[in-house]
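Colleague: Supplied in structure tokens, the structure appears directly below.
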Amino acid sequence: LLSFMGAVYLFTKEANIDIEFLEKEQIGITYHKALFDTIQAARVYRGRLYTASLSGKENPELPKLKQEVISDIKKLDELKNIAIELELIAQWETTRKLFLTSMEESPEKSPLEKFNQQTKAIQSVGYLMRDVASNSNLILDSALESFFMINVMVNIIPSIEHNLSIIRGLITGEI
């Protein structure tokens, strides 16, 4: 009887560890998705603002795009408990400040300076996405297929998108 109880204890302990691991992965996915949405909206806004600034033409989409980025930032603010649980609240606050500063009106800055400032804010979100994956066990998944899928989602796709968005923005500005 004692050995049976010991086996049940070990089994439930292992099951609880697996459940905690999976719960942390789930909150990581939730936060990562919100960061991904923010980075996408910020890239579109940055590109349209850069093009409008270079051309000197008013883009009627800009206020809506700016509001979309601000809305995404507010959604991330609402996920503050996740940032705290993942021990990333200080990093989020720094990233948030970079974003809001980069979106302020600054007529003294050239279009390229604004573009670069917004690029730094976007890069900061990319670093935060990587740390979310690390702190939420997303990249620690023992299943090899899951590991490769998460690696593509967290590292490879954001890197490719980042580089393409910079190229697109700079080329669009030159046309």
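Colleague: Once the piece of chain linking GLU113 and SER134 is laid out straight, how much longer is it, given 0.36 nm per residue of separation minus the C-alpha distance between them? Walk me through the numbers before you get to the answer.
Modeller: Working: separation 21, 0.36 × 21 = 7.56 nm, distance 3.18 nm.
4.4 nm is the gain from fully extending GLU113 to SER134.
Colleague: Which distance in nm do the two modelled labels at LYS75 and ARG168 give, with both placed 7 Å along the Cα-to-Cβ direction?
Modeller: Calculated label separation equals 1.8 nm.
Colleague: Now for a different question. Seen from all sides and averaged, what is the projected area of the convex hull of the Cα atoms in the range 72-126, in nm²?
Modeller: Working: hull surface 15.4 nm².
Convex hull of Cα atoms, orientation-averaged projection: 3.8 nm².
Colleague: For the range 54-146, which trypsin sites (Lys or Arg not before Pro) are in a loop by DSSP, counting at most 11 other Cβ atoms within 10 Å?
Modeller: Qualifying residues, ordered by number: LYS57.
Colleague: Counting heavy atoms of the protein chains only and a 1.4 Å probe, report the per residue accessible area for the range 65-115 as a whole number of Å².
Modeller: Accessible area per residue, the range 65-115: 61 Å².
Colleague: Further question: Taking the Cα-to-Cβ direction at GLU104 and at GLN40 and moving 7 Å from each Cα, how far apart do the two end points lie in nm?
Modeller: It works out to 3.0 nm between the two label points.
Colleague: Evaluate the distance, in nm, between pseudo-label points positioned 7 Å from the Cα of LYS66 and of THR94 along their respective Cα→Cβ axes.
Modeller: Inter-label distance under the simple model: 2.7 nm.
Colleague: Rounded to a whole number, what % of the accessible area of the range 35-175 do carbon and sulfur atoms account for, probe 1.4 Å? Intermediate values should be presented prior to the final figure.
Modeller: Details: 4680 of 8050 Å².
About 58 percent, which is the carbon plus sulfur part of the accessible surface.
Colleague: Of the GluC sites (Glu not before Pro) in the range 38-90, which ones lie in a loop per DSSP and count no more than 15 other C-beta atoms within 10 Å? Please list the in-between numbers first.
Modeller: On the way: sites: GLU58, GLU61, GLU68, GLU78, GLU85, GLU87; in loops: GLU58, GLU61, GLU87.
Qualifying residues, ordered by number: GLU58, GLU61, GLU87.
The values are calculated or read from the model by the stated rules, or taken from the named source; none is laboratory data. Not measured: the values here are computed from a predicted model. Note that each Cβ is placed from the backbone with ideal geometry, even for glycine, and that neighbours are counted across all protein chains shown. With ligands, DNA and RNA removed, areas are computed over all heavy atoms of the protein, side chains included. Shrake-Rupley method; radii C 1.70, N 1.55, O 1.52, S 1.80 Å.
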